[in-house]
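Notes follow once the structure below has been shown.
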Amino acid sequence: MRTVTASSALRAVPASGGASGRLEFARVSKHFGPDSVEALQGIDLACHPGEFVVVVGPSGCGKSTLLAIAAGMTAASEGTVSLDGRVIRTPGPDRTMVFQEHALFPWLTAAQNVGFGLQMTGVPRTEREDRVTAALRMVRLQNAAAKLPHELSGGMRQRVAIARALVMEPAVLLMDEPFSALDAQTRTLLHAQLQELWCAARKTVLFVTHSVGEAVRLADRIVVLHTNPGRIRREVQVPLPHPRNFDSRDISDIVALVRGEIADEVNRVNAELDADLV
Amino acid sequence: MSTPSSTPTWSRRRTSGLRVLAVWLALLAAWEGAYRIIGWRPWLFPAPSHVLDATLAMLGVKTGFGEPLGPRWPLAASAGGSLGGLVSSPLVQALAISAVRLALGFAISLVLGTILGLLMWRYPFADAALGPAFLGLQTLPSVVWVPLAILVFGIRESGIMFVLVMGSFFAIAIALRDGLRQSPPILRQAALMLGARRWKLYRHVVLPAGLPAVAGSLRQGFSFAWRSLMGAELIFVLQRRGLGFLLNVGREFADVAQVVAVMLIMVLIGMTVDRLLFARLELRVRERFGLA
């Protein structure tokens, strides 16, 4: 039932142009200032078209920086990120992002927020209205079209942000801990909705979170990052079919596996800190 | 706002308003009463009734509220005055002249302040060069500009304009710069991501994001402009006589009641314009942004 609603809404959105959505990091490093520890070191990562990749790691491991580089908002110190073979240098509507804190324009209504990018890129008014309506219906907010962001709940705001990102028909959707500020119930609801949207649209998604549970629910592949310097520690495939039953045994097994990886990592960092103190 | 639930707030606001009014009426009554019982001399310090007489006299109506109570109270001992002279009365004339000066000077101030505020916000170099100086100049009382204005522009309208603009535009520039700095950088990033470029970015994001700042700087600028104008008019004696001039007339004729009356009018005008125009504008913008 849910899937039907989402896919029919998505069909109202015209299909995206040629972009296939292969996002590739090649030897990407980032350091802030000459003497500082590298936030990211030699990251090699390829997100395949239509793949849902989730990056997890302890806080401060540079996972948000990774996303900012892919978005073109931060420049890599070394290496390149490319989308379908073209090197990324600036932000653009082919790589839209959902931020951790909702970054909706507070003076625009939900509908105007969703339509903003279409307006900026010169989409004609009638087409714009159709696409905005479809996108809002997709996140089930058609009744909140005229509301201002501060009149919406946190979960609704993030759904508007998702609609605003998806309406641009990006080749890649970037998500920077989009649900971390929400309560657990709302988060589960949004996980289900995101699954459903992704099943219908099959966009490449690069998703960053510190929550292993969230990663296993959503990902095709989980990338575990190291801290100090930020390096890829391990990649875990999640071979479960979508849409997933979040309460299944398989999910909790994989969660335990990935948690172990991160625990090792946290222990290693703590041990290093202790050694420094001695 | 028009929901039934807002009705109690309204009536509560009205009762608190009435209470404030009652306190002030009691104070005025006590002042007037003390005056009549102790018998202070009106040329040393006026009673509320004298101030009322002086105000009405400036409007071309002669009254005698300050006279001893008698059968002809509150008519003036010397009859005279008619409502027909209202428009040509000194107070109305002065208000009109001051209003025109204020509107013109404030407009110039806004243009200058906006340009320089934007420059300081956009270019760190401009801010480093001008910011501290502007902050310093903003603390200067506006009448300090008067001698310079007289020497450079002479005793003319342009001299008054100079004092008004100097007294207000620094504050506008600083308030605008500070306000724009508060607009969250994440909105800029979101706009870039959604394809907003160059002037579109300014027109659709930077400018609207700065609206609360603009509203705040307008309000700040107006209060500075108003104070500067009154100061300048007090000193510049020109053919066209503004409200500040009436204060000076009161002093020259040793008419204490008129001096107090003009001061009260200044307070009332400053407060009314701020409340009715700028505070409301600021509140509207803040409500729209979910900040109020």
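The values are calculated or read from the model by the stated rules, or taken from the named source; none is laboratory data. Only a predicted model underlies this, so the values are computations on that prediction, with no experimental measurement involved. Neighbour counts are summed over all protein chains in view; Cβ atoms, including those assigned to glycine, are modelled from backbone coordinates with ideal geometry. Ligands, DNA and RNA are excluded from the accessible area calculation, which covers all protein heavy atoms including side chains. Shrake-Rupley method; radii C 1.70, N 1.55, O 1.52, S 1.80 Å.
Some observations on this one:
- The residue that is modelled with the lowest pLDDT, among those in region A:12-45 that are of a type in the set (Gly, Ala, Ser) and either surrounded by 16 or more Cβ atoms within 10 Å (Cβ to Cβ) or under 12 Å from A:VAL172 (Cβ atoms) (or both), is A:SER16.
- When residues of region B:150-199 are limited to those that are polar (S, T, N, Q), within 35 Å of the chain's Cα centre (by Cα) and within 14 Å of chain A (Cβ to nearest Cβ), the one most open to solvent (accessible area, probe 1.4 Å): B:GLN182
- Counted as qualifying within region A:97-201 are the helices (runs of 4 or more DSSP H) with 3 or more residues that are of a type outside the set (S, T, N, Q), open to solvent by 20 Å² or more (accessible area, probe 1.4 Å) and farther than 28 Å from A:PHE25 by Cα, namely A:125-138, A:154-166, A:184-201.
- When B:PRO132 is tested against the conditions (1) part of a helix (DSSP H, G or I); (2) in contact (Cβ under 8 Å) with a residue 12 or more places away in the chain; (3) more than 14 Å from chain A (Cβ to nearest Cβ), the lone failure is (2).
- Scanning region B:27-60 for residues that are among the hydroxyl-bearing types (Ser, Thr, Tyr) and open to solvent by 30 Å² or more (accessible area, probe 1.4 Å) yields one hit, B:THR55.
- Test: residue in region B:236-249 that is polar (S, T, N, Q), surrounded by fewer than 19 Cβ atoms within 10 Å (Cβ to Cβ) and not in a loop (DSSP other than H, G, I, E, B): yes
- Of B:SER223, B:SER228, all but one fail to be in contact with an Asp or Glu (Cβ under 7 Å, 6 or more places away or on another chain) and under 24 Å from B:THR139 (Cα atoms); the exception is B:SER223.
- Region B:210-227, subset within 11 Å of another protein chain (Cβ to nearest Cβ) and open to solvent by 10 Å² or more (accessible area, probe 1.4 Å), residue nearest to A:VAL114 (Cα to Cα): B:LEU211
- Test result for A:VAL216, free of Cβ contacts under 8 Å to residues at least 60 places away in the same chain, within 14 Å of chain B (Cβ to nearest Cβ), assigned to a helix (DSSP H, G or I) and aliphatic (A, V, I, L, M): no
- Condition met for B:LEU116 (without any contact (Cβ under 8 Å) to a residue 60 or more places away in the chain and open to solvent by less than 50 Å² (accessible area, probe 1.4 Å)): yes
- The residue list A:ALA271, A:ALA256 contains one member that is at pLDDT below 80 and over 18 Å from the mean Cα position of the chain (by Cα), which is A:ALA271.
- Unique match (being in contact with a Pro (Cβ under 9 Å, 6 or more places away or on another chain) and assigned to a helix (DSSP H, G or I)) among B:VAL273, B:VAL260: B:VAL260
- Within this structure, B:ARG219 fails the test of being basic (Lys, Arg) and farther than 20 Å from B:ASP274 by Cα.
- Residue count, region A:76-96 (criterion: within 14 Å of chain B (Cβ to nearest Cβ) and part of a loop (DSSP other than H, G, I, E, B)): 7
- Odd one out for B:LEU207 among (1) within 12 Å of chain A (Cβ to nearest Cβ); (2) in a helix (DSSP H, G or I); (3) at pLDDT 85 or above: (3)
- Looking only at region A:121-146, residues that are within 14 Å of chain B (Cβ to nearest Cβ), in contact (Cβ under 8 Å) with a residue 24 or more places away in the chain and closer than 23 Å to A:ASP94 by Cβ come to 4 in all.
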